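> First, the structure itself, so that you have it in front of you.
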Amino acid sequence: MRRERDMTPSGGRLRETEPLRRLYARASRYYDLLDWPFEFFRYRALRRNLWKGLGGKILDLGAGTGRNAPYYPPDADVITADLSPEMLERARERIEATGRKAHIVVADALSLNFKDGEFDACVSTFLFCVLPDELQERALREIKRVLKPAGKVYLLEYVYSRNPRRRLWMRILSPWVERLYGARFDRRTQEHCVMAGYEVIERRFVHSDMVLKLVGRPRTEQGSMDRPQPPH
């Protein structure tokens, strides 16, 4: 099948994200199988609510195997982007199963091959719990570059629960989660949003006190300087 729109990031592969690219080339073989219980019992409702009401041109960044695809707004122009071509091949199948034409892009969050101000919104579900803290501000600035001045970024991310028992269980699982997915529960994404020049206009838990929704918009000179509250 001919690819509708495939590209690689400017400058080719980046050294900083090459370990993640290799990890997800491998993870693409088991990702959907291991993730299915969480997707079925937890994520579906979260994704539906996150995408509700969005429109215009939207970047689905870190789209993985395309789990957001069933919730793409019907009238929106959605670009489905991920670092891993292997994950995106599964995303293509999932998108086309919904009856949409797939607009697939191989893209590195640190160097997006898009024009300045191209998107009305960027949606990213669980990308930033994978991306190391030292790379997050750079990625968020790159997202800000491709957003329109009034555009917004919508994030879902895991954080450690404050409930002692739940937090202990997450700590037990953490080494396996990191090995399988490269993900951690202690990323400081909200702090990085502020440092990257966003005003955080929404911060709330959407599943227990473990899954955090963040919505940010590029901060203007007159915009307020948010002081991030510790999310875990």
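> Among Thr65, Thr80, which is the only one that is of a type in the set (Val, Ile, Thr), touching a helix residue (DSSP H, G or I) at 6+ places or on another chain (Cβ under 6 Å), in a loop (DSSP other than H, G, I, E, B) and within 22 Å of Tyr24 (Cα to Cα)?
Of Thr65, Thr80, the one residue that is of a type in the set (Val, Ile, Thr), touching a helix residue (DSSP H, G or I) at 6+ places or on another chain (Cβ under 6 Å), in a loop (DSSP other than H, G, I, E, B) and within 22 Å of Tyr24 (Cα to Cα) is Thr65.
> A further question follows. Cβ-Cβ under 7 Å, sequence separation 6+ or interchain: first residue in segment 207-220 and free of Cβ contacts under 8 Å to residues at least 40 places away in the same chain, partner part of a strand (DSSP E or B). Which pairs?
Between residues of segment 207-220 that are free of Cβ contacts under 8 Å to residues at least 40 places away in the same chain and residues that are part of a strand (DSSP E or B), the close pairs are Arg219/Tyr198; Arg219/Glu199.
> Can you tell which of Tyr154, Tyr198, Tyr158, Tyr181 is farther than 17 Å from Thr125 by Cα and touching a helix residue (DSSP H, G or I) at 6+ places or on another chain (Cβ under 9 Å)?
Sole residue among the options that is farther than 17 Å from Thr125 by Cα and touching a helix residue (DSSP H, G or I) at 6+ places or on another chain (Cβ under 9 Å): Tyr198.
> Take the conditions in contact with a helix residue (DSSP H, G or I) (Cβ under 8 Å, 6 or more places away or on another chain) and modelled with pLDDT under 95 and apply them to Tyr71. Does it pass?
Details: in contact with a helix residue (DSSP H, G or I) (Cβ under 8 Å, 6 or more places away or on another chain): yes; modelled with pLDDT under 95: no.
So Tyr71 does not fit the description; no.
> Sticking with this structure for a sec: If Val123 meets every condition in (1) buried (at least 22 other Cβ atoms within 10 Å of the Cβ); (2) assigned to a helix (DSSP H, G or I); (3) in contact with a Leu (Cβ under 9 Å, 6 or more places away or on another chain) apart from one, which number is that one?
(2)
> Here's a follow-up. Say we look at segment 169-208 and pick out the residues that are surrounded by fewer than 16 Cβ atoms within 10 Å (Cβ to Cβ) and touching a Ser or Thr at 6+ places or on another chain (Cβ under 9 Å); which of these is farthest from Lys144 (Cα to Cα)?
Here the residue is Trp169.
> A follow-up question, please. Output yes when any residue across segment 32-55 is in contact (Cβ under 8 Å) with a residue 40 or more places away in the chain, farther than 25 Å from Pro149 by Cα and touching a Ser or Thr at 6+ places or on another chain (Cβ under 6 Å), and no when none is.
Yes, segment 32-55 contains at least one residue that is in contact (Cβ under 8 Å) with a residue 40 or more places away in the chain, farther than 25 Å from Pro149 by Cα and touching a Ser or Thr at 6+ places or on another chain (Cβ under 6 Å).
> If Ser111 satisfies all but one of (1) at pLDDT 95 or above; (2) hydroxyl-bearing (Ser, Thr, Tyr); (3) in contact with a strand residue (DSSP E or B) (Cβ under 9 Å, 6 or more places away or on another chain), what's the number of the condition it fails?
(3)
> Shifting gears a bit: Which condition breaks for Arg42 when tested against (1) modelled with pLDDT of 95 or more; (2) more than 16 Å from Leu180 (Cβ to Cβ); (3) of a type outside the set (A, V, I, L, M, F, W, C); (4) assigned to a helix (DSSP H, G or I)?
Going through the list (1) modelled with pLDDT of 95 or more; (2) more than 16 Å from Leu180 (Cβ to Cβ); (3) of a type outside the set (A, V, I, L, M, F, W, C); (4) assigned to a helix (DSSP H, G or I), Arg42 breaks only (1).
> For residues in segment 187-230 being hydrophobic (A, V, I, L, M, F, W, C) and not in a strand (DSSP E or B), which is modelled with the lowest pLDDT?
Met225
> Looking only at residues that are hydroxyl-bearing (Ser, Thr, Tyr) and within 14 Å of the chain's Cα centre (by Cα) in segment 149-168, which one is surrounded by the fewest Cβ atoms within 10 Å (Cβ to Cβ)?
In this case the residue turns out to be Tyr154.
The values are calculated or read from the model by the stated rules, or taken from the named source; none is laboratory data. On a predicted model such as this, the values are computed, not experimentally measured, just so you know. Cβ: placed from backbone, ideal geometry, glycine included. Neighbour counts: every protein chain shown.
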